[in-house]
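Working notes for the structure below.
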Amino acid sequence: MKQQRRNYGQYCGLAGALDVVGERWTLLIVRELLTGPCRYNELQANLPGIGTNLLAERLRFLVDTGLVRQRAKDGSKVKMYELTTQGEGLREPVLALARWGLGLLGAPTSEDVVRPRWGALAVEAMIDPSLAGPDERYEFRIDDEVFHIDVTDGKVSVRHGKSALDPALVVTTDARTFVEIGSGRLSPLEATLTHRLTMDGDPEATLRCSRLLGLVG
């Protein structure tokens, strides 16, 4: 018997959305799946503080509501969770919230947890497609996470978990530094001078990438 969940009882699109994704941890689970399919133990490792029973309950609900599905990994018995087409519809709202939330972040504390895959999502949230330049690729190496931005025919996409082919720029840093840069608490120049960030590539490509991410005017 399914657990009866509370709802707002309001005939409104926002209320209807919050009935599904408004509970604690739900959007953070979606955040993890926006960067690609995950095993259950990967989700638990990247969501420090969530109990295993609560994670299982949230995942069951997301599967029941059609936002998430399970599939076997490459024909094996290993089960992966991934977003459905309906779940992918949350990408823009989640990125908008992440973009807005970057401006609210204070200085990180020693207790704050940060994961490199969150840096990948931060990049996606920071992009302003109207500032796309010529066709080229920018690769990011954040701790052990590798991804890149692809600019082709004026369209911008982020390729999670993939190195770039012939990147015009390679950025190397750690997750904490990258989120601090995204929040505006640390400038790329300051991070470079303090050896927390390295940028290897054409100076003009560096400038174009910085503009695309809103890091320079």
Mind checking which aspartates and glutamates have their Cα closer than 13 Å to the Cα of LYS73? Skip sequence neighbours fewer than 8 apart in that chain. GLU82
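If you average the sequence gap of Cα pairs under 8 Å that are 6 or more apart and divide by the length of region 33-84, what percent do you get for the contact order? Could you put the intermediate results ahead of the total?
Numbers: 50 pairs, mean separation 23.2, N = 52.
Dividing the mean separation by the residue count of region 33-84 yields 45 percent.
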Quick query: amide H of GLY214 versus all other amide H atoms, modeled in the peptide plane; which residues come in under 5 Å with a sequence gap of 5 or more or a different chain? ASP128
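Evaluate the relative contact order of the chain (contact order divided by residue number), counting alpha-carbon pairs under 8 angstrom at least 6 apart; express in whole percent. If you can, show how the numbers build up before the last one.
On the way: 293 pairs, mean separation 31.9, N = 217.
Value for the chain: 15 percent.
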Can you compute 3J(HN,Hα) from phi for each residue in region 20-34, using the Karplus curve 6.51 cos²θ - 1.76 cosθ + 1.60 with θ = phi - 60°, rounded to whole Hz and x for Gly and Pro? 9, 10, x, 7, 3, 5, 4, 5, 6, 5, 4, 3, 4, 6, 5
In sequence order, what are the phi-derived ³J(HN,Hα) couplings for region 74-84 according to the Karplus relation 6.51 cos²θ - 1.76 cosθ + 1.60 with θ = phi - 60°, rounded to whole Hz, with x for glycine and proline? 6, x, 8, 8, 6, 9, 10, 9, 8, 6, 7
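Given the DSSP H assignment, sum -39500 (n - 2.57) over each helix run of at least 4 residues in the chain and divide by its residue total; what's the result at 222 nm in deg cm²/dmol, nearest 500?
On the way: 10 runs with 89 residues, N = 217.
So the calculated ellipticity at 222 nm is -11500 deg cm²/dmol.
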For region 155-162, Karplus-derived ³J(HN,Hα) couplings (6.51, -1.76, 1.60; θ = phi - 60°; whole Hz; x for glycine and proline) come out as 9, 10, 9, 10, 9, 6, x, 9
Placing each pseudo-label 7 Å from Cα in the direction of the beta carbon, THR198 and TYR40 end up separated by a distance in nanometres of 4.1
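Laboratory data are not the source of any read-out in this text; all were calculated from the coordinates shown. Small disclaimer: the values here were computed from a predicted structure and weren't measured. No Cβ is skipped: glycine too gets one built from the backbone with ideal geometry, and neighbour counts run over all protein chains shown.
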